[in-house]
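Since the structure comes first, as structure tokens, the remarks are kept for the end.
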């Protein structure tokens, strides 16, 4: 497959899932949810951002990255995707994580999905009605009163599991909780999260994983 210029393919393999792939924008990189990767990533991000003279962006990205790694480790995390190799004009305070989720007591996820549609404004992403999408807004991140987050979630059922297992893509968009929830910048970042999620596809089982 020939990818557009500046787009990278991340292929994920998890012992309990079929392999899947995502297409990532230029400058985005894939990371495993380990302590070593978190420390290395934060050091690289600070090194790149500080020369830009943007302490606000450094604070937002650091806070969002720490929160994303913490949440991913607490779940059955697969990988995290971050805009770590971008310049000032394309730096965005957002991250995406992928994790495996299962229905309660081995039952299908249908009940939880129905609740998302009923109470959380869920909708399908795309005409094939495969990916379920919903948003949540948090006023602050735990321990970081200056930082809030807009979360965009995409749930993909794993084939052959009777909808008992899914892959959850969660995008966290870090923002100042004093800013309006809706706005041109936020809308653009939500659209970017949707665009990345829309590239989700189950990949062939052979071949090496990579970005």
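Mind listing whichever residues of the range 46-61 are in a helix (DSSP H, G or I) and farther than 24 Å from residue 168 by Cβ? 46, 47, 48, 49, 50, 51, 52, 55, 56, 57, 58, 59, listed by residue number.
Table: residues versus (1) assigned to a loop (DSSP other than H, G, I, E, B); (2) touching a strand residue (DSSP E or B) at 6+ places or on another chain (Cβ under 7 Å); (3) under 24 Å from residue 163 (Cα atoms).
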site: 78; (1), (2), (3): no, yes, yes
site: 115; (1), (2), (3): no, no, yes
site: 127; (1), (2), (3): yes, no, yes
site: 134; (1), (2), (3): no, yes, yes
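Here residue 103 fulfils each of the conditions (1) more than 20 Å from residue 157 (Cβ to Cβ); (2) crowded, with 17+ Cβ neighbours inside 10 Å apart from (1).
Restricting the range 30-45 to residues that are crowded, with 17+ Cβ neighbours inside 10 Å and touching a strand residue (DSSP E or B) at 6+ places or on another chain (Cβ under 7 Å) leaves a set whose member that is farthest from residue 80 (Cα to Cα) is 41.
Checked against (1) surrounded by 15 or more Cβ atoms within 10 Å (Cβ to Cβ); (2) out of contact with any helix residue (DSSP H, G or I) (no Cβ under 6 Å at 6 or more places or on another chain); (3) modelled with pLDDT of 85 or more, residue 114 passes all but condition (1). Number of residues in the range 13-45 that are outside any helix (DSSP H, G or I) and touching a residue at least 40 places away in the same chain (Cβ under 8 Å) equals 20.
Which ones in the range 1-15 are at pLDDT below 85 and within 13 Å of residue 196 (Cβ to Cβ)? If the condition is that a residue be at pLDDT below 85 and within 13 Å of residue 196 (Cβ to Cβ), then 7, 8, 9 are the ones that fit. Exactly one residue out of 25, 18, 55 is at pLDDT 80 or above and in contact with a strand residue (DSSP E or B) (Cβ under 6 Å, 6 or more places away or on another chain), and it is 18. Residues in the range 166-196 that are at pLDDT 80 or above and more than 17 Å from residue 72 (Cα to Cα): 185, 186, 187, 188, 189, 190, 191, 192, 193, 194, 195, 196.
Restricting the range 151-167 to residues that are out of contact with any helix residue (DSSP H, G or I) (no Cβ under 9 Å at 6 or more places or on another chain) and surrounded by fewer than 18 Cβ atoms within 10 Å (Cβ to Cβ) leaves a set whose member that is nearest to residue 65 (Cα to Cα) is 151.
The values are calculated or read from the model by the stated rules, or taken from the named source; none is laboratory data. Predicted, not measured: the structure shown is a model, and the values here were computed from it. For neighbour counting, all protein chains shown are included, and Cβ atoms are generated from backbone atoms with ideal geometry for every residue, glycine included.
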